[in-house]
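The values are calculated or read from the model by the stated rules, or taken from the named source; none is laboratory data. None of these values were measured; they are calculated from a predicted model. Here the Cβ is made from the backbone with ideal geometry for all residues, glycine too, and neighbour counts use every protein chain on show.
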Amino acid sequence: MAGETKQIERRSLKFDSLDEVLNDAKVLVNADQVVSAGTWSLAQTLMHLAIGMRMSMESGIKTRRSLMLRIMGPIIKRRILKHGMKPGYKLPEKVARLLVPKENTKLTTAWDALQSQVERMKECQKFYPHPVFGDLTRDEWLKLTLRHAELHLSFLRPA
C-alpha cells in the first residue's frame, strides 16, 4: 500500500563479555546493509558506545545528582544491571552534547574507536563515577557497559 512503512523490530540481545559486543558490532559493520529501528546510524551507535566507554575511564560526566537520583539510583542500578535498559530515555541536553555523535560520523572511525575503547576497558581498573549511579565497582561498570551496548545495538540488524 502507498505510504505504508515497515516497522523494524529491535533485536533481543544479551552480552556476557565485551568481546561479544565487538563480535556483534563486527557482523553489523561487515553486513552489506544495516536497517535501523531507531534514528541513529550504525556509525553513530558505535561511536556513542565508544564515547561512553572512554568517558567512564577518562573523565566521567560532571553533574550534580538530585536528591531523588541519589535515593533512586541504587534501585535503578540494580534493575538495569540485571534486566537491561529500556529504550526511550532522553538524555539531558548538556549530556547529549557530549554523548550523541554527529550524523556524519564515519563508520571506519566509529568501528576503530569502539575496538580501541573495548581493549582499554578490558584492562582498566579505575573508573569515574557514573552521573546517575555514582561510584561503581569495575564489575558494575562492565555490566552497565554490556547493558548499554545491548540497548543500542538492538536497534540495528543486518538486512
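Go through the residues of region 138-155 one by one and say whether even a single one is within 18 Å of Gly38 (Cα to Cα), in contact (Cβ under 8 Å) with a residue 40 or more places away in the chain and not in a helix (DSSP H, G or I).
Within region 138-155 (the criterion being within 18 Å of Gly38 (Cα to Cα), in contact (Cβ under 8 Å) with a residue 40 or more places away in the chain and not in a helix (DSSP H, G or I)), the answer is yes, since at least one residue qualifies.
Quick one: which helices (runs of 4 or more DSSP H) lie wholly within region 1-117 and hold at least 2 residues that are surrounded by 18 or more Cβ atoms within 10 Å (Cβ to Cβ)?
Passing ranges, in order: 18-30, 42-58, 67-83.
At pLDDT below 95, within 12 Å of the chain's Cα centre (by Cα) and surrounded by 14 or more Cβ atoms within 10 Å (Cβ to Cβ): does that describe Leu151?
no
Filter region 52-108 down to the residues that are under 18 Å from His152 (Cα atoms) and of a type in the set (Lys, Arg) and list them by number.
The answer is Arg54, Lys77, Arg79, Lys82, Lys86, Lys90, Arg97, Lys102, Lys106.
Any residue at all in region 123-136 that's farther than 28 Å from Met72 by Cβ, touching a Leu at 6+ places or on another chain (Cβ under 7 Å) and touching a residue at least 60 places away in the same chain (Cβ under 8 Å)?
There is no residue in region 123-136 that is farther than 28 Å from Met72 by Cβ, touching a Leu at 6+ places or on another chain (Cβ under 7 Å) and touching a residue at least 60 places away in the same chain (Cβ under 8 Å).
Among the residues of region 126-141, write down those that are among the hydrophobic types (A, V, I, L, M, F, W, C) and within 16 Å of Arg54 (Cα to Cα).
Residues satisfying the conditions are Phe127, Leu136, Trp141.
Could you please give the count of residues in region 13-40 that are modelled with pLDDT of 95 or more and of a type in the set (Gly, Ala, Ser)?
Looking only at that region, the number is 3.
With the structure loaded, tell me whether Ala96 is touching a helix residue (DSSP H, G or I) at 6+ places or on another chain (Cβ under 6 Å) and among the small types (Gly, Ala, Ser) or whether it fails that test.
no
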